Each structure stands twice: as structure tokens, then as C-alpha cells.
Amino acid sequence: MSYVELIVVLSIFATLSSVVIFNHGDFQDRVDIKNLASDIALKIIEAQKSSVNGVMPPLGHTPDDPDNWKPAYGVYFDITSNDKQFVYFTDLDKDNTYSFGGELLDTIDITKNNFISNIDTCSVDPCALGSESTNLLSITFTRLNSGASFDGATLTGSDYIQIAISSPKGATALVKVYPSGRVRVN
């Protein structure tokens with residue numbers, strides 16, 4: 001009787017183990033995509049805090065106007081040329097957009113074959129099908145105003161920007177940025 005019980009227990013354990021191992025890849029994929037969405041949201045919040053706190057730009061990043069020594073900060077997305085990276089920048093000329101070259105602070109690469117699949121302008125939650133999409137977006141924050149400025153998208157009323165991040169296996173996460181400066185990860 002003990003051999004039969006041992007075989008039954010081992011078969012139950014083997015079945016449960018195979019189910020867990022089989023589903024681990026999908027679970028890890030969802031965790032990775034959520035972590036990436038959180039990383040993007042944190043970089044946007046870092047830009048907001050750097051701007052509001054009047055953080056000095058790093059050495060070598062000096063504004064053209066010496067009276068304008070506390071620049072705006074922002075995050076730039078260009079999913080047409082590269083959907084696997086985005087840019088953290090200091091907006092030295094305060095034109096609310098990323099100017100290539102001297103404004104670059106960091107280029108963040110997206111790993112594990114994950115990518116930014118869409119950037120949409122939404123007016124209802126959840127974002128409706130057929131909403132306006134963009135491939136280029138700068139989100140900037142200026143001193144004394146924690147609200148976000150968007151270059152590449154036009155927002156009115158209660159609109160917000162939705163950045164969709166996807167994985168090759170189909171997992172998706174959303175980063176929502178509101179004009180008030182609020183950032184939400186779904």
C-alpha cells in the first residue's frame with residue numbers, strides 16, 4: 001500500500017510542478033512588462049521632480065541664456081525610428097521638445113525584446129478605439145509648474161496620453177500621463 005501511495009503523491013507533485021513550470025514564462029513576461037511600465041513612469045516622474053525642484057543641469061549642459069540656468073526636464077519617445085528606447089533630456093531652450101545633441105542626458109534602452117507599441121491621445125478611460133495616435137512625443141515639465149507639456153499631441157479637457165508597452169508574447173502594460181502631471185501605470 002505504501003508504494004501505491006508514494007506513486008500517487010509523486011504523480012500529483014509532478015503534475016503540479018509541470019503546470020507551474022509551464023505557466024512561469026507567461027507570468028514572468030507579465031511581470032517584466034509591468035516593471036518596464038513602472039520604469040518609464042518613474043523616469044517621467046524624475047523629469048517632473050527635477051524641473052519643479054530646479055535641479056541644476058549636469059556639467060556640459062549649459063543653457064544659451066545665463067538667466068535661464070534652471071531648465072525644464074522631459075522624456076522623449078520616437079517609436080518610428082526606435083520603439084525600443086526613449087530619451088531623458090534637459091530642455092535647455094525651453095521649447096517643450098527634445099532638441100537633439102546638447103539636451104540629451106540619458107538614452108534608456110528597452111530590453112528583452114519588449115517595445116513601445118502605441119502612443120495615443122485619449123479622452124475617455126479606457127482609451128477608445130480610433131483615438132488619435134502619434135509616433136513622436138516629448139513630455140516636459142517646467143519649474144513652478146508640475147503640469148506636463150506635450151509636444152506631438154494635442155490635448156483638450158480631460159484628455160491624457162497613453163503609452164502602450166508590449167512584449168513579443170503579447171503581454172501589455174499602459175502608462176497614462178495627464179496634463180496635471182499625474183502618472184498612472186495599468
> When segment 159-186 is examined, which residues are found to be part of a loop (DSSP other than H, G, I, E, B) and open to solvent by less than 40 Å² (accessible area, probe 1.4 Å)?
Replying inline: Asp159, Ser167, Ala171, Tyr178, Gly181
> Restricting the first residue to segment 58-81 and requiring it to be at pLDDT below 75, which pairs with a second residue that is open to solvent by 40 Å² or more (accessible area, probe 1.4 Å) and part of a strand (DSSP E or B) meet a Cβ separation below 9 Å and a spacing of at least six or different chains?
Replying inline: Pro58/Leu105; His61/Leu104; His61/Leu105
> Exactly one of (1) assigned to a strand (DSSP E or B); (2) of a type outside the set (Val, Ile, Thr); (3) loosely packed, with under 14 Cβ neighbours inside 10 Å is unmet by Tyr73. Its number?
Replying inline: (3)
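Among the residues of segment 136-158, write down those that are assigned to a loop (DSSP other than H, G, I, E, B), farther than 20 Å from Lys49 by Cα and either at pLDDT 90 or above or among the hydrophobic types (A, V, I, L, M, F, W, C) (or both). Walk me through how you get there before you give the answer.
We begin by selecting, within segment 136-158, every residue assigned to a loop (DSSP other than H, G, I, E, B); these are 143-144, 152-158.
After this cut, where a residue has to be farther than 20 Å from Lys49 by Cα as well, the list is 152-158.
Scanning segment 136-158 gives Ala153, Leu155.
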>> Anything in segment 89-119 that is outside any strand (DSSP E or B), open to solvent by 50 Å² or more (accessible area, probe 1.4 Å) and of a type in the set (Ser, Thr, Tyr)? List them, or say none.
In response: Thr111
>> If I filter segment 120-135 for residues that are open to solvent by 70 Å² or more (accessible area, probe 1.4 Å), in a strand (DSSP E or B) and over 18 Å from Ile44 (Cβ atoms), do I get at least one hit?
In response: yes
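The values are calculated or read from the model by the stated rules, or taken from the named source; none is laboratory data. Predicted model only: the values in this text are computed from it and were never measured. Cβ: placed from backbone, ideal geometry, glycine included. Neighbour counts: every protein chain shown. Just the protein is used for accessible areas: all its heavy atoms, side chains included, with ligands, DNA and RNA removed. Shrake-Rupley method; radii C 1.70, N 1.55, O 1.52, S 1.80 Å.
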